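Down below is the structure, laid out as structure tokens.
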Amino acid sequence: MPKLVFLGTSDAQGVPRMLCSCDVCKNAENKNIRKRPSAYVYSKRNILIDASPDLREQFLTYSIPIPDFLLITHAHNDHIAGLGDFADLCFWNNRNILVVSPEDVIEILKQRYPYLIKRKGLRFVSCTSLNTDDYSITFHKVNHGHNGYSYGIKFKGENHTWAYVPDAIHMTEQQLEPFFNMDLLVLGSSYWSEAHVIDQYKRSIYDAQEAIEVKKITKTKKLILTHLSHDIDIPKHQKILPSNVEFAYDGMCLEYI
């Protein structure tokens, strides 16, 4: 059966943050040590979601195999900066992997990594839907607030439907529609609450309270929160989450997805 492993669960800065003296960063251990975001789906054809800047260390830590597909949610540094390392890994192991994302994202990747376009190791594929042995996979454009837009990736399997949406906020009714009545939603939530933020328009990701409301609206059975900043103290905040809501942590494994 397929399973999902979280390789990295932080926001763009990682936890602990550089030069930060907050309690979480100063005392970061266990579930509060977080690398930049990416995830791995073990299935008949393995899937890596996003190429974190920490990808090399993630591969060494978790001993994951080279996947069959690399799916990219959007072309921000914390989700693609490991692409060069990944290309080298594929090249030196004589593998040619499909990098899949909608056309606008693929074009940005080609602009930023022109030397990879004709090099053996990666093949860039523009599409919004993909069928593998275990899943029907679709990309869905969502608001990313002050940072523009991103794509949520939905996986529809024989017995389970779930989605990975690490960077989103203020999704419209139309954008939420593909994510209704799923078994699992993995949703980005960098802070516990940002209701106090004066410049709300500068925000780019749901806070935990808003993410819980998204779960209610979409009638999702289980919600996993990822893309966590140093504001999230898992041992502290997990205790006050509602049922069927959890924080992701590096190395977390979900089976039977």
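Please work out the FRET efficiency for the pair Asn27 and Cys127, using the Cβ-Cβ distance as r and a Förster radius of 51 Å; give the result to the nearest 0.05.
Plugging the Cβ-Cβ distance into 1/(1 + (r/R0)^6) gives 0.70.
Per residue, the convex hull spanned by the Cα atoms of region 1-154 amounts to 128 cubic angstrom. Distance from the Cα centroid of region 62-99 to that of region 160-232 is 26 Å (rounded to whole angstrom).
Using mean Cβ contacts within 10 Å as the protection proxy, how do 111-118, 165-172 order, highest first?
The densest-packed peptide leads the list: 165-172, 111-118.
Put simply, the amide H of Arg123, placed in the peptide plane, has neighbours under 5 Å in Ile97, Leu98, Val99, leaving out anything fewer than 5 places away on its chain.
Considering every alpha-carbon pair of the chain, the percent of pairs per 5 Å bin, from zero through the bin containing the longest distance, is 1, 6, 14, 19, 21, 18, 12, 7, 3, 0, 0. Put a dot 7 Å past the Cα of Ile64, heading toward its Cβ, do the same for Tyr201, and the two dots end up 3.8 nm apart.
Calculate the translational D of region 74-178 in whole µm² s⁻¹ from Stokes-Einstein, where the hydrodynamic radius comes from the Kirkwood formula applied to all Cα pairs, the temperature is 25 °C and the viscosity 0.890 mPa s.
Rounded to a whole number, D works out at 164 µm²/s.
As a quick test, which of the pairs Lys31/Lys110; Lys110/Lys141; Lys110/Lys219; Lys31/Lys215 have an alpha carbon distance above 27 angstrom in this structure? Table pairs above 27 Å Cα-Cα are Lys31/Lys110; Lys110/Lys219. Of all the options Tyr151, Tyr62, Tyr40, the one that moves most in a Gaussian network model of the chain with Cα springs shorter than 10 angstrom is Tyr62.
Leaving out ligands, DNA and RNA, and with a 1.4 Å probe, what % of the accessible surface on the chain is carbon or sulfur? In the chain, the share of accessible area belonging to carbon and sulfur is 48 percent. Taken over region 125-187, the percentage of Cα pairs per 10 Å bin, counting from 0 up to the bin with the maximum distance, is 22, 54, 22, 2. Projected label points at Lys3 and Lys156, each 7 Å from Cα along the beta carbon direction, are separated by 2.7 nanometres. Placing one identical point scatterer on every Cα of region 181-257 and ignoring solvent, what is log10 I(q)/I(0) from the Debye formula at q = 0.15, 0.21, 0.26 Å⁻¹? Here the Debye-derived log intensity ratios amount to -0.51, -0.96, -1.35. On full extension, the segment bounded by Glu173 and Ser136 gains 11.1 nm, given 0.36 nm per residue less the C-alpha separation. For Cys22, no residue whose modelled amide H falls within less than 5 Å of its own remains once neighbours fewer than 5 places apart on the same chain are excluded. Under the simplified labelling scheme, the Cys20-Asn244 pair shows an inter-label distance of 3.1 nm, with each label point 7 Å from Cα along Cα→Cβ.
The values are calculated or read from the model by the stated rules, or taken from the named source; none is laboratory data. Remember, predicted model here, so these are calculated numbers, not experimental data. Cβ: placed from backbone, ideal geometry, glycine included. Neighbour counts: every protein chain shown. Protein only, heavy atoms only, side chains kept; ligands, DNA and RNA dropped before computing areas. Shrake-Rupley method; radii C 1.70, N 1.55, O 1.52, S 1.80 Å.
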